Amino acid sequence: QILVADEVHQYKGKASDRGFAFHRLVSATKWQLALTGTFYGGKSTSIFWLMHRLRMDGVQQDFPYNGEKKWAARYGVLETRIYGGKNTDDDSNDFGTFNATRRRKVIVREKPGVSPAVLGRIIGNSIFLSLKDLGVALPPYKEEVALVQMGREQRRGIDGK
């Protein structure tokens, strides 16, 4: 009845196999505990499909599956560039040469950043803590270097002899 998934930031891709598998697991369980140390990836859409799949704070009701552009317009930072047409200083692309058709190209891209308003959708469904907050005694961390001598067969592959 409960799904415990670690490193869920790996399942946030819109059309990835991991994302689809995660969605099926979420749909098959009543409760979900999603763990990650890297929830946000820089752009607002980096959390959209994860929140959509986890049904966090009505995201599925407010945004369709392909609603990432609507999400980015509400919670992200968008850059709009207009080439040609009325709103630019470049008059060379205003009209077609033979038929006077106005030519204009609009490109909208999501830039890094997110609106603080997205916190309203995250806070009620999230817990922010560190390992220290758990009060569990962990074994001491140490790194050890082990030198391994290569045998004759491994050296033959490297130097070609």
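Bear in mind these aren't lab numbers, they're just calculated from the coordinates by the rules spelled out. Not measured: the values here are computed from a predicted model.
Odds and ends about this structure:
- Taking a straight Cα-Cα cut-off under 21 Å and skipping sequence neighbours fewer than 8 places away in the same chain, the lysines within cross-link reach of residue 132 are 142.
- Only lysines eight or more places from residue 43 in sequence, or on another chain, were considered; those with a Cα closer than 28 Å are 12, 14, 69, 70, 105, 111.
- Tail weight of P(r) past 14 Å, computed on alpha-carbon pairs of the range 1-65, percent: 54
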